[in-house]
Amino acid sequence: MDKNCLIFLVILFLFGVPKEVFPQGKGAYPFTPVPFTQVKIEDQFWAPRIETNRKVTIPYDFQKCEETGRIDNFAVAAGLKEGKFKGIRFDDSDVFKIIEGASYSLQQHYDPKLDNYLDSIIRLIAGAQEEDGYLYTSRTIDPQNPAKNSGDQRWSFIAQSHELYNVGHMYEAAVAHYLATGKKSFLDVAVKNANLICSVFGPGKVRMVSGHEEIEIGLVRLYGVTGDKKYLGMAKFFIDERGNKKGHKLFGEYCQDHIPVAEQSKAVGHAVRAGYLYCGMADVAAMTNDSSYIRAISRIWSNVAETKLYLTGGIGAKEEGEAFGDDYELPNATAYNETCAAIANALWNYRMFLLFGESKYIDVLERILYNGFLSGVSLEGDKFFYPNPLECSGGYQRKPWFDCSCCPSNVVRFLPSIPGYIYAIKGNNLYVNLFIGSTVSFKMNGSETKLKQETGYPWNGKIKLTVNSPKEQNFKLYLRIPGWAGNQVVPSDLYAFSEKNKPKPVVIKVNNKKTNYSMKDGYAVIEQVWKDNDEIFLEIPMEAKRIFANEKVEAGRGMEAYQRGPVVYCLEGIDNNGNALNAVVSDKNNIGYSFEPGILKGVGILHFKGQQIAKGENPEVKDVKLTAIPYYAWAHRGESSMAVWLPQKIK
Ligand SMILES: [Zn+2]
């Protein structure tokens, strides 16, 4: 037993299984998330979705993996079954991601059947691992005939083989499984594989990088639970080698492998790869205090927020290469906006918050959550969007599965982690970042405290927080005041609210009395000694607001969009005389709102007076009533046209 392992076992004995999602302690992120295991969501919006993920999407995704040979690939590689490799070379990663999601779900809702099922799959995965730790069923099953684009030999075509991408997801899944169950069965497989990677790659060894980033995040998580610094060093090596032409022939912009990462200033190439790289850079920077990474991801973040962020929080404008477009290249109908890219963007923005503690990063995260991410999964939890366009002339629907099913398996791991984004702590400061009905337990000044949050968000902006603490507590409460509540659509001038939408002041009361607060980094800060049953009331005025895009966005010229609270709206043909395109809001100052519990699992709807061109031989402009639904809920009622951006005048 090596020294690190012994220390780890002693820590485990003294403190039990670590529960932190992000590695903690010295050299970690300055801001600490309250992990999702300490947050219980009790609301009408997210709780049912997380429950659908648990009851429908997790078993559904596993069933699809069984039907498509993804599980059998491990059994065949383990020699337990006859057969050939089925599917795409990186299909192993889907199984890993679903195990990760299932593990988060187990922590929230223990299910012995699911626990046993995971054990059975992990046995197959362990069986598929080669003697020296290598794990990639595409090659192991028939090394002479690996699946297309796997490369003739191990790591010989690393730009496209995804061997390292796959295992990055495995490390994340293994850590999640270990934290959920305390079992080391999967973690042992991950550690054995990571040790092989560390023996093959590095200074004086193979100096290559993965064409698709992810291993960097996985290695840091492995470092987080094992405390073994060589995994952190390996993650840093892979990041430093990116764009370093002395080490390997560069893969180019598509893989963010064109110049050294510390010199990069623009988001380029494949959007999911890019997002995972920026997450890995944030993680390594936080653990090693590398300021050059922090400067680079700050520049890149500004580039995205100023020129490459869709109103829905989506990123990656182009279908070709699933990639970022040029600055301000944000087409609507052909917007790619892969669901995985929305998730990568959310993961990255949260890490930016953990570095800087500024609310603008949560503004972007919230925009993604309620719009560009949520559209990726059907209300029933068994159909998925891969691209998430902002306009459609009809015919585009969510699908049950894809040959490349990265998005369904990403949704399933992201949804149950959402409670972990609500609260964070720094010293004696408690941050309330998201408004989701929940109860959180946290330690303040060494003693256990609870806070209950009650709200009807995202349909109304009233939020009540109740302190539950046996002892009086002196801490600062940081309440996020969303950018949209003021005059900022996103943290840049990429979009703007109509000047007629003058922001109304938020109301903050403590125990029913107006209270003094200061504003810092986008938060209302209240400092006082808190007693049991103290009530904090926050009201963020919520009304429909009209939005324009920066003139430099060609697809936004002469157009407008609508948002209420954090929710972006769209017109769908089914509600608007069969055609969502070329409909105009004529009375922009009187927008009706109603909550409709009976449709689309309960949604807030906007009502407008508008105009449309009536169909027929002599097209004429007609006065009509228009109805907008939340963007995330579109494409649930048959094939229909859809538009987020509406022309300001009939074309
Ligand atoms: Zn995807």
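Here D152 and K514 are evaluated by their C-beta separation; at R0 = 60 Å the FRET efficiency comes out at 0.25. Between the range 139-165 and the range 534-552, the C-alpha centres lie 49 angstrom from each other. With 18 Å as the limit, the listed pairs K308/K552; K230/K426; K452/K509 have K230/K426 beyond it between alpha carbons.
How far is the Cα center of the range 279-304 from the Cα center of the range 194-220, in Å? With the range 279-304 and the range 194-220 each reduced to a Cα centre, they are spaced 19 Å.
Around the amide H of W530, modelled in the peptide plane, lie the amide H atoms of Q473, N474, F475, all under 5 Å away and 5 or more residues distant in sequence or on another chain. Here the mean projected area of the convex hull built on the C-alpha positions of the range 382-423 is 4.1 nm². Overall shape: prolate for the range 70-154, with the ratio a/c of the largest to smallest alpha carbon gyration tensor axis at 1.5 or above and a/b above b/c.
The label-point distance for K601 and K86, in a model that sets each label 7 Å from Cα toward Cβ, rounds to 2.9 nm. Probing with 1.4 Å while keeping every protein chain in the model, the per residue accessible area of the chain equals 38 Å². Taking every alpha-carbon pair under 8 Å whose residues sit at least 6 apart, the range 93-157 reaches a relative contact order of 14 percent. Under 26 Å of direct C-alpha separation, and excluding same-chain neighbours fewer than eight residues apart, K399 reaches these lysines: K55, K64, K86, K97, K148, K318, K383, K601.
With the contact rule set at Cα under 8 Å and sequence spacing of 6 or more, what percent relative contact order holds for the range 132-206? With pairs under 8 Å counted, the relative contact order is 29 percent. Straight-line cross-link reach from K246 at under 19 Å between alpha-carbon atoms covers these lysines, not counting any fewer than eight positions away in the same chain: K205, K236.
Identify the residues of the range 28-42 with backbone N under 17 Å of a label point that sits 7 angstrom from the Cα of T439 along the Cα-to-Cβ direction, or state none. The answer is 35-42, whose backbone nitrogens lie closer than 17 Å to the label point. Across the accessible surface of the chain, with the other protein chains kept in place and a 1.4 Å probe, carbon and sulfur atoms take up 50 percent. Partner lysines whose Cα lies under 18 Å from the Cα of K514, excluding those fewer than 8 positions away in the same chain, are identified as K462, K464, K476, K504, K531. Along the range 131-145 the Karplus relation, 6.51 cos²θ - 1.76 cosθ + 1.60 evaluated at θ = phi - 60°, assigns HN-Hα couplings of 3, 8, x, 4, 9, 5, 4, 4, 9, 4, 4, 8, x, 6, 10 Hz to successive residues, with x for each Gly and Pro.
Answer rounded, prolate or oblate for the range 90-206, using the Cα gyration tensor with square roots of eigenvalues a ≥ b ≥ c: rounded when a/c is under 1.5, else prolate when a/b is larger than b/c, else oblate. Here the range 90-206 falls in the prolate category. Here the label points at E42 and D587, each 7 Å from Cα along the C-beta direction, are separated by 4.2 nm in the simple model. The separation of the range 600-651 from the range 372-395, counted between C-alpha centres, amounts to 18 Å. Taking 7 Å steps out from each Cα toward its Cβ at K246 and K399 produces label points 4.5 nm apart. Rounded to 0.05, the FRET efficiency of the E131 and V56 pair, given R0 = 41 Å and the Cβ-Cβ distance, is 0.60. One way to sum up the overall shape of the chain is the equivalent ellipsoid from its Cα gyration tensor, whose semi-axes run 39, 31, 23 Å, largest first. Once C-alpha pairs closer than 8 Å and six or more residues apart are averaged by separation and normalised to the residue number of the chain, the relative contact order reads 13 percent. Once you sort the root eigenvalues of the Cα gyration tensor of the range 544-584 as a ≥ b ≥ c, which label holds: rounded (a/c under 1.5), prolate (a/b larger than b/c) or oblate (the other case)? Oblate, since a/c reaches 1.5 and b/c is not below a/b. Listed by number, the DSSP H helices of the chain that run 15 Å or longer by alpha-carbon position along their axis and have mean Kyte hydropathy of at least -0.5 are 3-15, 92-108, 112-128, 163-181, 185-200, 215-226, 229-241, 271-288, 291-307, 339-356.
The values are calculated or read from the model by the stated rules, or taken from the named source; none is laboratory data. In this text the structure is predicted, and so the values were computed from the model without any measurement. With ideal geometry, Cβ positions are generated from the backbone for all residues, glycine too; neighbour counts draw on all protein chains shown. Ligands, DNA and RNA are excluded from the accessible area calculation, which covers all protein heavy atoms including side chains. Shrake-Rupley method; radii C 1.70, N 1.55, O 1.52, S 1.80 Å.
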